[in-house]
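The values are calculated or read from the model by the stated rules, or taken from the named source; none is laboratory data. Quick caveat: nothing in here was measured; it's all calculated off a predicted structure. Virtual Cβ from ideal backbone geometry, glycine too; neighbours counted across all protein chains shown.
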């Protein structure tokens, strides 16, 4: 007889406290030919056959009635099978068991069946009944049982904890009698439907339970309990606390609403009021938006955080109470906020701030600003959240959220939500401020929306032109950009927003900012356009009826090391390429839908470009000037490029002079770039075997290369960077691993591997043995990051040259 696992065999190696009896389950494995390949001790206990008498024999000999023809072949199409089977015991009698079979793949890549059944049966005994009762009582799910009169019969421990009453105090009472709340009546109605229909009822209820500080949200499942003859004997109530999930959904809904409502125009006051309207009552009971006085004039606010007493102009407020009776400062009025006030402290710290209105804090407000303190005391302010409104590194003002009707104090999640919607409003307000400042002159506005100075980089020689439209519709939304990327690569962007005027310019500014943000995380061209498409969709959803929002865009990334250029476009004209031998052609880049339409993915192509090739990126205003058909315009551009001047500035002049015979009716953006290549002298790479002993070898190779470049001053930092990045790749990534140094305007160290997981910098604790490497890299280098490739990733760090 098999020994029970509760009395372990000293020779078995099982721990004395292990109560799991593996022999209580009979297991066998049958291959695709029906031959038994494995036989457990539980199977031996069940049927009496030792493994030596079964393994290697057909499993059919164990079936009392044999295997029906074709059964095994039909079973091979099923992932799992269960049913009753009559087996032959070693002593000759038959034994009917419930058999469970799983189809799986064996080590030889073939199919086999894992057969399981219980070697013993669970009997029904008083101990079993007590076990079942304890299981109900101790269940982690909040559960209660009601009879057909909807009277409570049993309540488990968690239900007693939630209600705050023992089972004896609730037994025989209905839900509406236990919980005095309108939702209790709704629950009873659902219980009655469950009894009448015999179908499970699911509902969500929100109620304030006695002894709980705040309302809670529950999902409730009401299942009819039936007897063996089908009669309904009662209802089983199971409830799950979904309060945190509900609050999270509410916050997400508020963020979505903010993305739709805030920034619908470039009107500063309206944007501030939209922020206040969105936040009431979802986040606060009373909201004020105050800006620095210089903002109204369109000027740049002073840099840094305002110190000491601060003067702010009230531009918007909103309240759950009609007429905003809590407001002391009327809209448009400048007021002084003294030291220690919530607004002044928030601006001085430069970060969001939560303050709970204690008695001592109220006395301070009454001393400094008696009228404000009196209003706060009269309406019962108890919690205040202040968020600095910032955009593009400038402090614009402060948004203050207060609670006096909602009894819950502000928490960290509320702070994150307030910062999210305030940042969104701040960006929109800053757009409006910039428009107000620059609308006096069209030329100033046009130049401010384009790169004022192209960044220094070695991969491309760049020249550009921008001509505004002459129509009274206003400045259009054409733009271009040059964005340095990691690894000495450079991104080229040309885009065109539909329409003209302020809305088109604002949308263009948002898209250009978004492209720079997405380019900073090194997204491939097709993925970047996908994210940009989502952004345009959100902007269109939140726009007013003045017109649709849409745009086209072309995004290209050039790598001077491999001389390869990757491109993708969203409804934009194809770029032109002029090779060093004078041949001009249009690159075959899949068109893609314009931004904002969505629905289809974008595609990118990669092309190796000879050094000295010229790429021409442009907007449709160049090839559609006058009454020219776009196809004719593109043909003219292709004929013009080979005959243009050798310098890129001259090329721009020749192209514009040829293509534009008169002032264009649409904006024109032209970006031309001549490719350069980093030769082998400026790039060094080595394969690194996945062995930690190779870290020292990699350091030595890097130092020798620095000596060849006469960059010994960079050796110390480079050794640190190489050690950290190569060690991380060996320990946490997958081969192949490669170390590469690039000597450009900076010194770039790259380590590539075959893994897609990227490292994260953290601050090591006192006794941690690791966790400081990337922190040291970040401290000693100008920048570092990671970018994904088709077969892994690259971790890079960039040092400034001596």
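Points worth noting:
Each row is one residue, and each column tells you yes or no for (1) loosely packed, with under 13 Cβ neighbours inside 10 Å; (2) not in a loop (DSSP other than H, G, I, E, B).
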{"position": "145", "(1), (2)": "no, yes"}
{"position": "162", "(1), (2)": "no, yes"}
{"position": "202", "(1), (2)": "yes, yes"}
{"position": "210", "(1), (2)": "yes, no"}
{"position": "224", "(1), (2)": "no, yes"}
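- Every residue from segment 312-352 that is assigned to a strand (DSSP E or B) and buried (at least 20 other Cβ atoms within 10 Å of the Cβ): 312, 314, 315, 316, 317, 318, 319, 337
- Top-ranked residue of segment 469-496 - restricted to ones that are more than 17 Å from residue 572 (Cβ to Cβ) and at pLDDT below 75, ranked as surrounded by the fewest Cβ atoms within 10 Å (Cβ to Cβ): 472
- Verdict on residue 568 being touching a strand residue (DSSP E or B) at 6+ places or on another chain (Cβ under 8 Å) and within 30 Å of residue 795 (Cβ to Cβ): yes
- Residue 216 satisfies every condition listed in (1) modelled with pLDDT of 90 or more; (2) surrounded by 13 or more Cβ atoms within 10 Å (Cβ to Cβ); (3) under 36 Å from the mean Cα position of the chain (by Cα); (4) more than 14 Å from residue 145 (Cα to Cα) except (1).
- Candidates are the residues of segment 597-626 that are surrounded by 20 or more Cβ atoms within 10 Å (Cβ to Cβ) and modelled with pLDDT under 85; the one that is nearest to residue 657 (Cα to Cα) is 625.
- Residue match in segment 43-52 (condition: assigned by TED's automatic domain parsing to the domain that holds residue 110, surrounded by fewer than 16 Cβ atoms within 10 Å (Cβ to Cβ), in contact with a strand residue (DSSP E or B) (Cβ under 6 Å, 6 or more places away or on another chain) and at pLDDT below 85): no
- Among residues of segment 229-288 being in a loop (DSSP other than H, G, I, E, B) and over 27 Å from the mean Cα position of the chain (by Cα), the one that is surrounded by the fewest Cβ atoms within 10 Å (Cβ to Cβ) is 229.
- Among the residues making up segment 289-311, those that are outside any loop (DSSP other than H, G, I, E, B), touching a residue at least 40 places away in the same chain (Cβ under 8 Å) and crowded, with 20+ Cβ neighbours inside 10 Å are 289, 290, 291, 295.
- In segment 614-664, counting only helices (runs of 4 or more DSSP H) that sit wholly within it, the ones holding 3 or more residues that are assigned by TED's automatic domain parsing to the domain that holds residue 573, under 17 Å from residue 554 (Cβ atoms) and touching a residue at least 60 places away in the same chain (Cβ under 8 Å) span 630-640.
- The residues of segment 178-195 that are modelled with pLDDT under 90 and closer than 28 Å to residue 132 by Cα, listed by number, are 178, 179.
- Any hit, segment 672-681, residues being farther than 30 Å from residue 618 by Cα and surrounded by fewer than 19 Cβ atoms within 10 Å (Cβ to Cβ): yes
- Where strands (runs of 3 or more DSSP E) fall entirely within segment 682-764, those with at least 1 residues that are over 22 Å from residue 485 (Cα atoms) are at 683-688.
- Among the residues of segment 487-525, those that are in a helix (DSSP H, G or I), under 26 Å from residue 458 (Cβ atoms) and within 26 Å of the chain's Cα centre (by Cα) comprise 487, 512, 513, 515, 516, 517, 518, 519, 520, 525.
- Looking across segment 164-198, the residues that are in contact with a helix residue (DSSP H, G or I) (Cβ under 8 Å, 6 or more places away or on another chain) and touching a residue at least 12 places away in the same chain (Cβ under 8 Å) come down to 165, 167, 170, 174, 175, 176, 178, 179, 184, 187, 188, 191.
- Failed condition for residue 224, given (1) in contact with a helix residue (DSSP H, G or I) (Cβ under 7 Å, 6 or more places away or on another chain); (2) closer than 30 Å to residue 331 by Cβ: (2)
- Apart from one condition, residue 432 fits all of (1) at pLDDT 90 or above; (2) in contact with a helix residue (DSSP H, G or I) (Cβ under 8 Å, 6 or more places away or on another chain); the exception is (1).
- One residue stands out among those in segment 442-457 that are modelled with pLDDT under 75 and assigned to a loop (DSSP other than H, G, I, E, B): the one that is surrounded by the most Cβ atoms within 10 Å (Cβ to Cβ), which is 449.
- In this structure, residue 460 qualifies as in contact with a strand residue (DSSP E or B) (Cβ under 6 Å, 6 or more places away or on another chain), modelled with pLDDT of 90 or more and buried (at least 16 other Cβ atoms within 10 Å of the Cβ).
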